[in-house]
Amino acid sequence: MPELPEVETIARDLRPHLAGARIRAVRVHRRDILRNATPAALSRALLGRTIASVDRRAKHLVLTLDDLARLVVQPRMTGSLHVTNARRRDPYTVLEIGLAGRGRLVFRDVRRLGVVLLLTARRWDAYTARLGPEPLEAAFTHDTLARALRGGRLAVKKAIMDQRRLAGVGNIYASEALWIAGIDPSRPAEELGRGEIAALHGAIVGVLARAVEGRGTTVRDYRTGTGEPGTFQGRLVAYGRDGEPCLRCRRRLALTHAIDGRATYFCPWCQS
Ligand SMILES: [Zn+2]
């Protein structure tokens, strides 16, 4: 599932094509991707509007219209977005948005697990208020992370993946950051000391920034906004490396599903 670096890459790739473009057509091919609007209501809200900006919030792509309504796309497992001029339509296209003089934005989703939401400016405020702080913003400090980890006896991995506590970190970058910080993913979050929180903060910010620079991680389905795989999969230090030597202590990395049923990759020797 695309996490912060993947959706950030998609937003950056799409921005030059979409920002300032006027919407001249809306075609919904699979209405089950719409969560809170009918195809007709979506068309009414979008037609004739200009896309003012293209951003990312947590793991979601956000198109802001000139009336400040938002079109939010959650790509989930197999969703991808690109802009094309091609006439032929891919059979997995779920939504197309035609842009005056700029081709069309295509949302493609093989398993149709993605979600498209249409939010008024007021509903957007409520939506974004429920999400945690953005880890790549300057305001994300050690104290911000300490607050995100407070409360409940949650495993630290589960806490940093909770989108209400911290935005944008999912299963891949949680395993990566905890390995880099040398912290056992199953440790109760509120037990971490100040030094460990500082290490985890640096690890989260560092790995997300490097993954953005590498245009994201393609394990299977993720594609950038220009249709290519990311490159960060070649630089992962923990995720998917069970049985392989730890890059720090050379002993074998392990895989567990004990935290929330999700795959967690870690070094049983040097993450304590
Ligand atoms: Zn190790």
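For region 55-131, just the Cα set please: Rg and Dmax, both in angstrom.
13.3, 40
May I ask you to give the solvent-accessible area per residue for the chain, in square angstrom, as obtained with a 1.4 angstrom probe?
Details: 12500 Å² over 272 residues.
Per-residue accessible area for the chain comes out at 46 Å².
Before rounding to the nearest 500, sum -39500 (n - 2.57) across all DSSP H runs of length at least 4 in the chain and divide by the residue total; then give [θ] at 222 nm in deg cm²/dmol. Before the final figure, lay out each step's value.
Working: 7 runs with 77 residues, N = 272.
Estimated from H runs of four or more residues: -8500 deg cm²/dmol.
What does the extension gain come out to for R89 and R235, with contour length at 0.36 nm per residue minus their alpha carbon separation?
On the way: separation 146, 0.36 × 146 = 52.56 nm, distance 3.45 nm.
Full extension of this stretch gives 49.1 nm more.
Could you pull out which residues in region 92-115 have an amide N less than 13 Å from a spot 7 Å beyond the Cα of R30, following the Cα-Cβ vector?
From region 92-115, the list is 92-96, 107-115.
P(r) tail for region 49-177, what percent of Cα pairs lie past 20 Å? Can you show the working numbers first?
Values: 4505 of 8256 pairs.
Here the long-distance tail beyond 20 Å is 55 percent of all Cα pairs in region 49-177.
Sorting check: for 83-93, 41-51, 1-11, which peptide has the highest mean count of neighbouring beta carbons within 10 Å, and how do the rest follow?
Values: 83-93: 11.8, 41-51: 16.3, 1-11: 25.6.
Output ranking for 83-93, 41-51, 1-11: 1-11, 41-51, 83-93.
Tally Lys/Arg at +1 and Asp/Glu at -1 over every other residue whose Cβ is under 15 Å from the Cβ of V110; what's the total?
Values: positive: R30, R76, R89, R108, R111, R112, R220, R223; negative: D32, D90, D109, D221.
Here the count lands on +4.
Give me the percent of accessible area attributable to carbon and sulfur for region 12-140, probe 1.4 angstrom.
On the way: 3000 of 6370 Å².
It is 47 percent, rounded to a whole number.
Work out from phi, with θ = phi - 60° and the Karplus expression 6.51 cos²θ - 1.76 cosθ + 1.60, the ³J(HN,Hα) of each residue of region 109-124, listed in order in whole Hz, and give x for Gly and Pro.
For region 109-124, the Karplus curve yields 7, 4, 9, 6, 9, x, 9, 10, 10, 10, 10, 5, 4, 5, 5, 4 Hz.
What is the set of long-range amide H partners of R56 at a cut-off below 5 Å, with H atoms built 1.01 Å from backbone N?
Those lying under 5 Å, H to H, from R56 are V62.
So how compact is the chain: Cα radius of gyration and Dmax in angstrom?
For the chain, the Cα radius of gyration and maximum Cα-Cα distance read 19.6, 60 Å.
Quick one: which residues, 5 or more positions from L95 or on another chain, have an amide H under 5 Å from its amide H? H modelled 1.01 Å from N in the peptide plane, none for Pro or chain starts.
Those qualifying (amide H under 5 Å, at least 5 residues apart or on another chain) are H29, F107.
The values are calculated or read from the model by the stated rules, or taken from the named source; none is laboratory data. Worth saying up front: this structure is predicted, and the values here are computed from it rather than measured. Every residue, glycine among them, receives a Cβ derived from its backbone with ideal geometry; neighbour counts consider all protein chains shown. Calculation scope for accessible area: heavy atoms of the full protein, side chains included, ligands and nucleic acids excluded. Shrake-Rupley method; radii C 1.70, N 1.55, O 1.52, S 1.80 Å.
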